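The structure appears below as structure tokens.
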Amino acid sequence: MASSSRTLSAPLRTRTPPIPLPSRSPPSWIPVSNRSFGASSLLSSTQPNNSISAIAATHNPQKFSCLKTKASTSANMATEKKVQVFDSEEALSVALAKYTADLSENFIKQKGSFTVVVSGGSLIKSLRKLVEAPYIDSIDWSKWHMFWVDERVVPKDHPDSNYLLAFNGFLSKVPIPPGNIYAINDALSAEAAADDYETCIKHLVHNGIISTSETGIPKFDVMLLGMGPDGHVASLFPGHPLLQEKNKWVTFIKESPKPPPERITFTFPVINSSANIALVVAGAGKAHPVHVSLGNGQDSEVLPVQMVSPEGELTWFLDKDAASKL
């Protein structure tokens with residue numbers, strides 16, 4: 001089906017099994033390891049060195065006009081938004097691949113690297129077109145650095161692991177260097193894993209891999225984010241105190257309303273420092289928070305997704321079911 005889009009306003013674990021290196025050739029197998037470092041190495045090292053786990057891990061849709069619009073909520077200031085609605089999730093995935101590939105090319109030309117943050121859930125499935133022609137061959141995967149906006153504190157082979165989801169659906173199919181894949185240290189507690197991941201990011205900021213905003217907050221090139229049916233993003237849930245965290249870059253939650261209970265997550269200052277954010281939403285089950293965020297829908301409280309307000313550009317990728325109430 002041809003696609004269309006329209007503009008809208010608006011505790012320790014010591015055993016983990018081997019996981020293959022991301023490779024387009026037959027995979028070689030290595031054991032997963034968890035590595036952390038102290039703050040002293042932040043200043044002494046001059047080369048990138050993962051503080052966490054360096055895991056060895058086609059057509060353009062036809063669209064209506066897509067315009068930048070202004071939208072605001074009580075949770076954020078006015079921010080430029082692009083909203084694109086597609087006839088199907090397949091068409092959405094095609095457009096998302098081109099969007100990501102174009103950003104990759106531009107940032108690599110500008111600064112020699114591309115820092116990408118992903119979520120879990122259905123987002124990974126929507127990245128599937130990147131592992132197909134023409135992008136699998138045209139993208140300079142060696143320049144990619146990949147992070148997670150949130151992660152469940154479980155072993156990397158656990159079905160709830162966002163790392164495992166990304167590995168199976170994406171990382172195992174593209175040649176991103178293992179040292180450029182930054183997974184959490186799952187041998188640590190949730191609190192320690194969050195502190196460790198923040199130290200990792202500080203290390204990469206120090207070495208120039210990750211850019212910073214004018215206020216010194218890490219500024220990732222793009223965040224590719226999904227959204228839950230309750231309007232949560234990352235592991236930032238409606239009504240939770242972590243929505244108001246302003247000091248930490250990475251924090252933890254032990255009582256997630258959605259299992260598993262222990263997670264780490266980026267905070268809104270980091271999310272909203274991004275140069276680009278894509279909110280990728282498909283399915284009728286998510287139509288209500290889309291309506292609240294982009295239309296005139298109402299909810300009893302401000303939804304986390306309404307608090308996504310990047311310094312750069314925000315683009316919504318919706319299928320027609322997710323946009324059905326607009």
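The values are calculated or read from the model by the stated rules, or taken from the named source; none is laboratory data. A quick note: this is a predicted structure, and the numbers were derived from the prediction, not measured. Please note: Cβ atoms are built from the backbone with ideal geometry, for glycine as well, and neighbour counts cover all protein chains shown. With ligands, DNA and RNA removed, areas are computed over all heavy atoms of the protein, side chains included. Shrake-Rupley method; radii C 1.70, N 1.55, O 1.52, S 1.80 Å.
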| Criterion violated by Ala278 - all others in (1) part of a strand (DSSP E or B); (2) open to solvent by 10 Å² or more (accessible area, probe 1.4 Å); (3) aliphatic (A, V, I, L, M) satisfied | (2)
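Any residue at all in segment 246-258 that's among the acidic types (Asp, Glu) and either buried (at least 20 other Cβ atoms within 10 Å of the Cβ) or modelled with pLDDT of 95 or more (or both)? Give the derivation first.
Let us first name the residues in segment 246-258 that are among the acidic types (Asp, Glu), namely 255.
Imposing the further condition that a residue be either buried (at least 20 other Cβ atoms within 10 Å of the Cβ) or modelled with pLDDT of 95 or more (or both) reduces the set to none.
Within segment 246-258, none of the residues are among the acidic types (Asp, Glu) and either buried (at least 20 other Cβ atoms within 10 Å of the Cβ) or modelled with pLDDT of 95 or more (or both).
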| note | Scanning segment 178-197 residue by residue, those farther than 22 Å from Pro260 by Cβ and open to solvent by less than 40 Å² (accessible area, probe 1.4 Å) turn out to be Gly179, Asn180
| said: Being surrounded by fewer than 24 Cβ atoms within 10 Å (Cβ to Cβ), of a type outside the set (Asp, Glu) and over 17 Å from Phe147 (Cα atoms): is that true of Leu326 here? | reply: yes
| query | Failed condition for Cys200, given (1) surrounded by 22 or more Cβ atoms within 10 Å (Cβ to Cβ); (2) over 18 Å from the mean Cα position of the chain (by Cα); (3) more than 21 Å from Leu165 (Cα to Cα), with all others met? | reply | (2)
| task | Please go through segment 94-107 and pick out each residue that is open to solvent by less than 10 Å² (accessible area, probe 1.4 Å) and within 30 Å of Ala193 (Cα to Cα). | result | Thr100, Ser104
| Scope segment 219-259; condition out of contact with any helix residue (DSSP H, G or I) (no Cβ under 6 Å at 6 or more places or on another chain) and among the acidic types (Asp, Glu); matching residues | Asp230, Glu245, Glu255
| query | Do you know which residues across segment 108-134 are in contact with a strand residue (DSSP E or B) (Cβ under 9 Å, 6 or more places away or on another chain), farther than 28 Å from Pro259 by Cα and open to solvent by 30 Å² or more (accessible area, probe 1.4 Å)? | reply | Ile108, Lys111
| request: Determine, yes or no, whether Val153 is within 18 Å of Asp221 (Cα to Cα) and buried (at least 21 other Cβ atoms within 10 Å of the Cβ). | output: no
